[in-house]
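Notes follow the structure.
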Amino acid sequence: MAVSTDPPRAGTRLRAVLRAAVRSPLVRVAAVLLLVAGGAGGWWASSARAGSGLRGEAAFATGVPRGVYDRYGVLLRESMGAAMPGVKVRLDNSEGSLDNLERVVSGRDDFAIATADAVASFQSPQKPQLRAIARLYDDYMQLVVPADSPVRQVSDLRGLRVGVGQPKSGVNLVTRRLLEAAGLDPDKDVRSSMLGVGDAADQLHAKKLDAFFWSGGLPTAALTDLAEHTRIRIVPMGDLSDRLHQLEGGGMDAYRAATIPADAYPLVEPLRTPVPTVAVPNLLVTRADVDPALVEAVTRVVIDSRDRIGGEVHAAQLVDLRTAVYTDPLPLHDGAKRYYMSVKP
């Protein structure tokens, strides 16, 4: 990826802040606030110029068709095309978070979205090459059943036909953990079907599944579409949050108790009150060797396009400059650091 101009060097003060930003997500936020309060010399390329001189192709791994990653990727590509007309963006569907991480470290894709728990548990000799661009929005775990199902909690799934996400998806990772937290063996106590959200919704409608798990932003189009012709219900899982943290494995600290708002799915029964569940943050990731000028431009597009994308993907409304730098367990890419240190929140 060629860049027409090199950014000027930062001053001594900026370099000191940058070194501090590497050590801690809290310090990274403090660094941004420091720049706002006192100003800093050596500003990077302005918004008007950022990305205008870039040429080449960038590949972006999204997720399963009809999922939130997929739709977000389509809209982000449109925004990138407007800001970086010389860059051709290719979108690749995938099984989800773990598949996306494999694609990025192998070089098949340059950018991808992955959940923080998937990043923490990801095993690869190339894992140290992974870098973060931004924390995006949280995925909410959603256990979907027919409205008249006897299932009222996760432990009621014993012996039933359950969609558990595709093998390399973040859905499958957290689903297995939720089943274990509920006292079920995911390999023995449920009849698992490894399906993406679109196929799982279709099979629930056809009565070939009794339930399926989904981890995604709110609302997810596949669930909204399903609710238009099938009476469904979302099962509460908030009681499993503490038990998740007690399980062994990387990424357990990424989970938090959350609630699905009552208006997330107007046609789903009975979402007249919020549904307690578990949430995990999503990260936009890349590799350390990806051109810093390209990453800086992509970071700018992610933040600047929030309102536009959020108009169609409601979860994207939560992308925020103040929280974007909280990217544990990954350090920020140098290009992303350039962007965050060049803007005023």
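The values are calculated or read from the model by the stated rules, or taken from the named source; none is laboratory data. Small disclaimer: the values here were computed from a predicted structure and weren't measured. Neighbour counts are summed over all protein chains in view; Cβ atoms, including those assigned to glycine, are modelled from backbone coordinates with ideal geometry. Surface accessibility is based on the protein's heavy atoms, side chains included, excluding ligands, DNA and RNA. Shrake-Rupley method; radii C 1.70, N 1.55, O 1.52, S 1.80 Å.
State which residue is nearest to residue 242 (Cα to Cα) when the search covers only the range 173-188 and only residues that are of a type in the set (D, E, K, R) and either open to solvent by less than 10 Å² (accessible area, probe 1.4 Å) or assigned to a loop (DSSP other than H, G, I, E, B) (or both).
185
From the list 207, 168, exactly one residue is closer than 23 Å to residue 135 by Cβ and either out of contact with any Asp or Glu (no Cβ under 7 Å at 6 or more places or on another chain) or touching a residue at least 60 places away in the same chain (Cβ under 8 Å) (or both). Which is it? Even if it seems obvious, please write down each step before you answer.
Details: 207 fails: closer than 23 Å to residue 135 by Cβ.
168 is the lone residue from the list that is closer than 23 Å to residue 135 by Cβ and either out of contact with any Asp or Glu (no Cβ under 7 Å at 6 or more places or on another chain) or touching a residue at least 60 places away in the same chain (Cβ under 8 Å) (or both).
Of everything in the range 159-172 that's open to solvent by less than 30 Å² (accessible area, probe 1.4 Å) and outside any strand (DSSP E or B), which residue is nearest to residue 215 (Cα to Cα)?
Step one: of the range 159-172, the residues open to solvent by less than 30 Å² (accessible area, probe 1.4 Å) are 162-165, 169-172.
Next cut, outside any strand (DSSP E or B) only: 164-165, 169-172.
Details: 164: 10, 165: 9, 169: 9, 170: 7, 171: 5, 172: 9 Å.
Ranking the candidates gives 171 first.
What number goes with the only condition from (1) out of contact with any Ser or Thr (no Cβ under 9 Å at 6 or more places or on another chain); (2) open to solvent by 10 Å² or more (accessible area, probe 1.4 Å) that residue 286 does not pass?
(2)
Can you pull out every residue in the range 104-132 that is within 16 Å of residue 333 (Cα to Cα), open to solvent by 50 Å² or more (accessible area, probe 1.4 Å) and not in a helix (DSSP H, G or I)?
Those that are within 16 Å of residue 333 (Cα to Cα), open to solvent by 50 Å² or more (accessible area, probe 1.4 Å) and not in a helix (DSSP H, G or I): 126, 131.
Got at least one residue in the range 271-280 being part of a loop (DSSP other than H, G, I, E, B), touching a strand residue (DSSP E or B) at 6+ places or on another chain (Cβ under 8 Å), at pLDDT below 95 and more than 29 Å from residue 147 (Cα to Cα)?
The answer is no, given that none of the residues of the range 271-280 is part of a loop (DSSP other than H, G, I, E, B), touching a strand residue (DSSP E or B) at 6+ places or on another chain (Cβ under 8 Å), at pLDDT below 95 and more than 29 Å from residue 147 (Cα to Cα).
Restrict the check to the range 91-103 and report whether at least one residue is open to solvent by 10 Å² or more (accessible area, probe 1.4 Å) and without any contact (Cβ under 8 Å) to a residue 12 or more places away in the chain.
no
Taking the range 221-270 on its own, how many of its residues are touching a residue at least 12 places away in the same chain (Cβ under 8 Å), among the charged types (D, E, K, R) and part of a loop (DSSP other than H, G, I, E, B)?
1
On the basis of being under 19 Å from the mean Cα position of the chain (by Cα), modelled with pLDDT of 95 or more and farther than 18 Å from residue 66 by Cβ, does residue 160 make the cut?
Considered against the rule, which asks whether it is under 19 Å from the mean Cα position of the chain (by Cα), modelled with pLDDT of 95 or more and farther than 18 Å from residue 66 by Cβ, residue 160 comes out as no.
Quick check: is even one residue across the range 189-209 closer than 21 Å to residue 122 by Cα, in a loop (DSSP other than H, G, I, E, B) and open to solvent by 60 Å² or more (accessible area, probe 1.4 Å)?
Of all residues in the range 189-209, those closer than 21 Å to residue 122 by Cα come to 194-196.
Next, from what is left, pick out any that are in a loop (DSSP other than H, G, I, E, B): 194-196.
Restricting the remaining residues to those that are open to solvent by 60 Å² or more (accessible area, probe 1.4 Å) gives 194.
Looking through the range 189-209, at least one residue is closer than 21 Å to residue 122 by Cα, in a loop (DSSP other than H, G, I, E, B) and open to solvent by 60 Å² or more (accessible area, probe 1.4 Å).
If you go through the range 176-195 one residue at a time, do you hit one that is touching a His at 6+ places or on another chain (Cβ under 8 Å), over 19 Å from residue 69 (Cα atoms), touching a residue at least 12 places away in the same chain (Cβ under 8 Å) and among the polar types (S, T, N, Q)?
no
Just to verify a result, which residue in the range 291-314, among those that are out of contact with any helix residue (DSSP H, G or I) (no Cβ under 6 Å at 6 or more places or on another chain), surrounded by fewer than 21 Cβ atoms within 10 Å (Cβ to Cβ) and within 12 Å of residue 82 (Cβ to Cβ), is modelled with the highest pLDDT?
304
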